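What follows is a short report on a single structure.
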Amino acid sequence: MNPTQKTSSVRRHPWRTALLILAGLALLGGGAAWWFQWGPGAKTGSTYITATIQRGDIEDQVAATGSLQPRDYVDVGAQVSGQLRKLHVEVGTEVKEGDLLAEIDAETSQARVDASRAQLRSQQAQMAERELALVKAERDLQRQKNLMAEEATTAETLQNAETAARTARAQINSLKAQMEQVQASMRVEEANLKYTKIYAPMAGTVVSITARQGQTLNTNQQAPTLLRIADLSVMTVQTQVSEADVSKLRQDMPVYFTTLGGQGRRWYGELKKIEPTPTVTNNVVLYNALFEVPNSNRSLMTQMTAQVFFVVAQARDVLMVPMSALTIQRAAPGGREAVEKMTPEERERLREQRRQAREQGQGGGAPAARPPTAPNANPKAAAGPGAAPRATRGPRQAKVKVLLADGTVEEREVTIGIGNRVHAEVLSGLKEGDRVIAGTREAEPRNNNPQGSALGQRGPGGPGGMPAAAPAGARR
């Protein structure tokens, strides 16, 4: 084929040339994509972790562990020694005040009472004899007085008669004292005889029995405990709070707890007392905080473990922002202007937050914070995204990065209120539906070691380069 024929062939089939060119470009593009995506030229790309501003409930809490005890209970013991002859109750028995609980062998106590009564009867007979002797001595004395008046007796005989009369009276007084002593001893023995039958001192439930039928009880050293009766209608939760958190507590603050088998059910109450004397275990200082909860259906039992949450501050149905997205400011310039830019609803929320902060400071818990001149912040707050989140109660200023719809990032100043270690309340600066940047995540090349891919991920608050958990509502 001559050149003229080749040129005419190309002109007749131009689509073949186009296909060849497209195939070459596709190969070049695929190779470049492989080089930069999986090959040696691959680079790490970075994406944002975002969270959507939404409404919810926020609670600033102090968490602790406690145990349940009956509010009213009594340990029933034995006051006399002897063999436990009969137990009339068992664990779980409901008793009323005055019900018979147990009986102790009463033979020894009964014998002592009988001996005291016999001794008293003997002394009563001696008293009758002494009284007759006194009558005779007084009669002899009167006779001697009459004879002395007629000078028919001697003075010595009269004196002997007076001595005999006085001796008879003294013997009667001594015998009366002995009889009173025997009567007192007999009352003690009769009381001990009554103590051989043990009655319920209060109404309640028998929650424990430490003695067994047939056991010998010895009360010479201390009164042995037989059983415990408790009123289970009201339970006391005894909680141990660390010294770092006890300053946040105040009397009558709301508190709730859950139990291991309660399936998430909450029991609510109010803090009644904080004991001033702590318990120290392994150099850990813990203070006992007590509150009560009704138990009408008997679903709570003694010695149950309770996970307790003291509500320091709370807000319902408010805008929430993750703490990882905030950069807390140490000082907020232009605080007055920030207040003027607020809507009436936001200003009302700010006033409510300040009022709660003042009440918490005057409630016997943490000292009252100095009221800020604007919704700016606590000067003691930690600044910077790398700082550990702190629970906050008063209004503060912070900065946040907002991801706009066109993909650009805008930095805003916001006012936050109540907060905990996860979320903070938004008072102004954000609206529902805004997407804020809560962190970044770097994607590793696929040909790298999978075990090392986690080292390339980082998020706010992730110590040691480990990936931080994305906040609620976060998405890539």
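The values are calculated or read from the model by the stated rules, or taken from the named source; none is laboratory data. Owing to the predicted nature of the structure, the values given are computational and were not obtained by experimental measurement. Neighbour counts are summed over all protein chains in view; Cβ atoms, including those assigned to glycine, are modelled from backbone coordinates with ideal geometry.
Things to note:
- Which numbered condition LEU455 fails, given (1) modelled with pLDDT of 50 or more; (2) in a helix (DSSP H, G or I): (1)
- The single condition among (1) under 32 Å from the mean Cα position of the chain (by Cα); (2) hydrophobic (A, V, I, L, M, F, W, C); (3) over 16 Å from ARG250 (Cα atoms); (4) modelled with pLDDT under 70 that ALA331 does not satisfy is (1).
- Failed item in (1) closer than 30 Å to GLN221 by Cβ; (2) in the same structural domain as LEU217 (by TED's automatic domain parsing); (3) not acidic (Asp, Glu), with GLY92 passing the rest: (1)
- Boolean, VAL246 is of a type in the set (Val, Ile, Thr), more than 15 Å from GLY66 (Cα to Cα), surrounded by 15 or more Cβ atoms within 10 Å (Cβ to Cβ) and under 13 Å from the mean Cα position of the chain (by Cα): no
- Selection within region 260-305 - of a type in the set (S, T, N, Q), part of a strand (DSSP E or B) and under 25 Å from VAL74 (Cα atoms): THR279, ASN288, THR305
- The set of residues from region 66-82 being at pLDDT 90 or above, over 18 Å from GLU292 (Cβ atoms) and surrounded by fewer than 16 Cβ atoms within 10 Å (Cβ to Cβ) comprises just one member, ASP75.
- In the set ALA152, ALA118, only one residue is among the aliphatic types (A, V, I, L, M), free of Cβ contacts under 8 Å to residues at least 24 places away in the same chain and not in a helix (DSSP H, G or I); that residue is ALA152.
- Taking region 253-265 as the range and being farther than 17 Å from GLN69 by Cα and not small (Gly, Ala, Ser) as the test, the residues that pass are MET253, PRO254, GLN263, ARG265.
- Unique residue being under 30 Å from PRO224 (Cβ atoms) and assigned to a helix (DSSP H, G or I) when the list is GLU138, GLU190: GLU190
- With respect to (1) farther than 30 Å from TYR199 by Cβ; (2) surrounded by fewer than 12 Cβ atoms within 10 Å (Cβ to Cβ); (3) of a type in the set (D, E, K, R), the lone exception for LYS136 is condition (2).
- Residues in region 35-59 that are surrounded by 12 or more Cβ atoms within 10 Å (Cβ to Cβ), small (Gly, Ala, Ser) and either over 34 Å from the mean Cα position of the chain (by Cα) or modelled with pLDDT under 55 (or both): GLY39, ALA42.
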